[in-house]
Amino acid sequence: MRRKSVVATAALIAAFALAGLPGPAGSRSPSNAAVPAPAAFTSVVVPAVAPAQRATGSLDGAFRSAGFLGATGTLAEPGAAPAVPTRRPKVVQPTAPSGEAWKKPRYTVSGYATFYDNGTTAMRLPRGTTVRICGGSGCIERTVTDYGPVNTSRVVDLYRPDFFQVCGCASWSGTTWVTVSIY
């Protein structure tokens, strides 16, 4: 059972809230339909003038600026014209250093790769290890995201698009021979 003071306080709050609300806006009944008086409207006639017939006068001298350019005037920059180059300048391009851009891997493993839809997994390498995987169609560099296959014939499971990028084989292929360089 609730206390009387709680019920009385709630009733008082509700009464004050209802007293503070505005009353309904607008009229309670539709207004009578009234026809406006014809005298309230005025007829306006606008003559149609073709653009060629429109007469425009020239502006007087007060509306012209100090650098006004008339119909017979020409634009000219002060000074001599800049020299136009006759041939392109010779650019000396540095030669690229010879050698391999990849650093030497810690070790390399060869074997079969398969595709796996949950990322790149490789043997029992720790997560975060950087590997370069080279197949018949090219090489990719990836980071190991999960522990890989235990089967000794497979060395790596690749994300499906990476697998087909490395192997360059048909979509029905399941395995391809790869070389994995561990960094």
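Please state, rounded to one decimal and in Å, the Kirkwood hydrodynamic radius that region 107-182 gives when every pair of distinct Cα atoms enters the mean of 1/r.
Numbers: mean 1/r = 0.0850 Å⁻¹.
It is 11.8 Å.
Excluding Arg142 itself, what net charge comes from residues whose Cβ is under 10 Å from its Cβ, given Lys and Arg +1 and Asp and Glu -1?
On the way: positive: Arg132; negative: Glu141, Asp162.
Surrounding charge for Arg142 is -1.
Name the chymotrypsin sites (Phe, Trp or Tyr not before Pro) in region 129-178 that are in a loop by DSSP and that have at most 11 other C-beta atoms within 10 Å, would you? The partial results should precede the final answer.
Details: sites: Tyr147, Tyr159, Phe163, Phe164, Trp172, Trp177; in loops: Tyr159, Trp172.
When the chymotrypsin sites (Phe, Trp or Tyr not before Pro) of region 129-178 are filtered for loop state and at most 11 Cβ neighbours within 10 Å, Trp172 remain.
Among all the aspartates and glutamates, which ones have a C-alpha under 16 Å from Lys104's C-alpha, if same-chain residues fewer than 8 places away are not counted?
Partners found: Glu141.
Read-outs: derived from the displayed coordinates by stated rules, not from any lab. These figures come from a predicted structure and were not determined experimentally. For neighbour counting, all protein chains shown are included, and Cβ atoms are generated from backbone atoms with ideal geometry for every residue, glycine included.
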